[in-house]
1. Search the stretch 256-270 for residues being part of a loop (DSSP other than H, G, I, E, B) and open to solvent by 60 Å² or more (accessible area, probe 1.4 Å), and hand back the single one that is farthest from Glu154 (Cα to Cα).
2. Check the stretch 14-32 and report whether any residue there is acidic (Asp, Glu) and in a loop (DSSP other than H, G, I, E, B).
3. Hey, does the stretch 189-202 have a residue that's outside any strand (DSSP E or B), within 27 Å of Arg270 (Cβ to Cβ) and more than 27 Å from the chain's Cα centre (by Cα)?
4. Whether any residue in the stretch 94-101 is in contact (Cβ under 8 Å) with a residue 40 or more places away in the chain and closer than 30 Å to Lys61 by Cβ is what I want to check.
5. Can Gly212 be described as farther than 30 Å from Arg339 by Cα and open to solvent by 20 Å² or more (accessible area, probe 1.4 Å)?
6. Looking only at the stretch 273-300, count every residue that is assigned to a loop (DSSP other than H, G, I, E, B), hydroxyl-bearing (Ser, Thr, Tyr) and buried (at least 23 other Cβ atoms within 10 Å of the Cβ) and tell me the total.
7. Can you tell me which residues in the stretch 128-139 are surrounded by 22 or more Cβ atoms within 10 Å (Cβ to Cβ) and over 17 Å from His24 (Cα atoms)?
8. Name every residue in the stretch 96-134 that is outside any strand (DSSP E or B) and closer than 14 Å to Ile41 by Cβ, in order of residue number.
Amino acid sequence: MATKIMPISGFPELLPRERFAEQHVLDVVRRTFELHGYAGIETRAVEPVERLVGKGGDADKEIYAVSRLAGGEDARDASLGLHFDLTVPFARYVLENAGKLDFPFRRYQIQKSWRGERPQEGRFREFTQADIDVVDIGSLAAHFEAEMPIVIAEIFEQLPVGDFRVRCNNRKIPQGFYLGIGLTDIVTTLRIVDKLDKVGAAGVRAMLVEAGATAQQAEQCLALAEISTADGGFVDQVRALGVDHPLLQEGLQTLAEVMSAASAATRPGRVVADLSVARGLDYYTGTVYETQLVGFESWGSVAGGGRYDALASDGATTYPGVGISVGITRLVQLLIARRGLTTTRSTPSAVLVAVTDDAGRPRSAAVATALRARGIPCEVAPKADRFGKQIRYADRRGIPYVWFPGAGDDDGDQVKDIRSGAQVPAQAPTWTCPDEDLRPALRTD
């Protein structure tokens, strides 16, 4: 009896049209990263567990350990785990290759990551991320923190995502504020406030009190998190709360600089200061970012990151950095599920070269070779069916043109646009495919 094949939850697989859509997103991301001077790298899939643990906040308990099916007692190599993001591997990469890199080092990285969390809409166990980071030696100029939201806004402007917001905060603002009102367990408080989008104000209030905050302190934390502006107006709103601390003032100044630079480089309202953004990962020390699609806030962030000052250090030298990551899988799945994202065809072929009969297949193959040599994606019809059937085959796959060898006067070739029905004489060495038809195009409902 045949075994029924079942999908594995949390490990998405895409149909051809969906994969083309994902590749379009990846192309936009990669091209934009490179326009801003980021160089591509790739790191290994595994890291020592001791390097992963303690870096990921709640992700610690979701790390996949590496095992082998055979090998007796040595089968399980519990010292290695699959990386849950690309920042921790990148920090290790910088330490190992510092002598070969030019600083400040600008890198992008597009790879899969793995987390053993409970699969749900927008959250997966295997997913693709696209990261950029800037790392320097000893100190990192604050202006790099302003660059991250600008790059992300530029990417999202090119994608069919609708309205979006790149929300920015600075970790020093809540940290200094919490210290200023008498809270000392900063990590726990940050993690609780980071759940605001998930559990709401009442849930966060209850969790803060349970963690040791007074009712007044909990209300003050919520008052800070409610501040959101599209310009530098957040500074006066924070100061109006009457809390003072040197760390708080430092964070306000840096975030104000980020907002000033972003306002000059992006459309109004794309980048906002949102003091509810905390980010759950423990290594962030400065500006942090989260990007949401308006109307789909329940999906959480589709791009996020922040500054880290101590993630990469060999004991003698520290390499501070700042980075941001686009959750490619989450973003694409959201657009497919909620926006009907697809592409105009399920194949890269722009032309189907028809076959008149089996003896004529070499001629059709020669046409295809000539077209491919000029960068026109094409394929030869699988069967020498009636031309009507071959046209229907092309139509099912979304191929816009069908080429008919020897169908014209004097045994010349003709090409048919099956969408309009126009059919004209053509020669493979000179025929030009319209640019908009060369590749599958994105389409949404």
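1. We begin by selecting, within the stretch 256-270, every residue part of a loop (DSSP other than H, G, I, E, B); these are 266-270.
Next cut, open to solvent by 60 Å² or more (accessible area, probe 1.4 Å) only: 267-268.
Working: Arg267: 10, Pro268: 13 Å.
Filtering the stretch 256-270 for residues that are part of a loop (DSSP other than H, G, I, E, B) and open to solvent by 60 Å² or more (accessible area, probe 1.4 Å), the one farthest from Glu154 (Cα to Cα) comes out as Pro268.
2. no
3. Filtering the stretch 189-202 down to residues outside any strand (DSSP E or B) leaves 189-202.
If we keep only those that are within 27 Å of Arg270 (Cβ to Cβ) too, we end up with 190, 193-198, 200-201.
From what is left, the residues that are more than 27 Å from the chain's Cα centre (by Cα) are 201.
Yes, some residue in the stretch 189-202 is outside any strand (DSSP E or B), within 27 Å of Arg270 (Cβ to Cβ) and more than 27 Å from the chain's Cα centre (by Cα).
4. Restricting attention to the stretch 94-101, the residues satisfying the condition of being in contact (Cβ under 8 Å) with a residue 40 or more places away in the chain are 94-95, 98.
Now restrict to residues that are closer than 30 Å to Lys61 by Cβ: 94-95.
Yes - at least one qualifying residue is present in the stretch 94-101.
5. On the way: farther than 30 Å from Arg339 by Cα: yes; open to solvent by 20 Å² or more (accessible area, probe 1.4 Å): yes.
It is true that Gly212 is farther than 30 Å from Arg339 by Cα and open to solvent by 20 Å² or more (accessible area, probe 1.4 Å).
6. 1
7. Once the filter is applied, which keeps residues that are surrounded by 22 or more Cβ atoms within 10 Å (Cβ to Cβ) and over 17 Å from His24 (Cα atoms), the stretch 128-139 yields Ile132, Asp133, Val134, Val135.
8. Glu96, Asn97, Ala98, Lys100, Leu101, Asp102
The values are calculated or read from the model by the stated rules, or taken from the named source; none is laboratory data. Note that the structure is a prediction, hence the values are computed from the model and not measured. Cβ coordinates were reconstructed from backbone atoms using ideal geometry, including for glycine residues, and neighbour counts include every protein chain displayed. Side chains included, ligands, DNA and RNA excluded: accessible areas come from the protein's heavy atoms. Shrake-Rupley method; radii C 1.70, N 1.55, O 1.52, S 1.80 Å.
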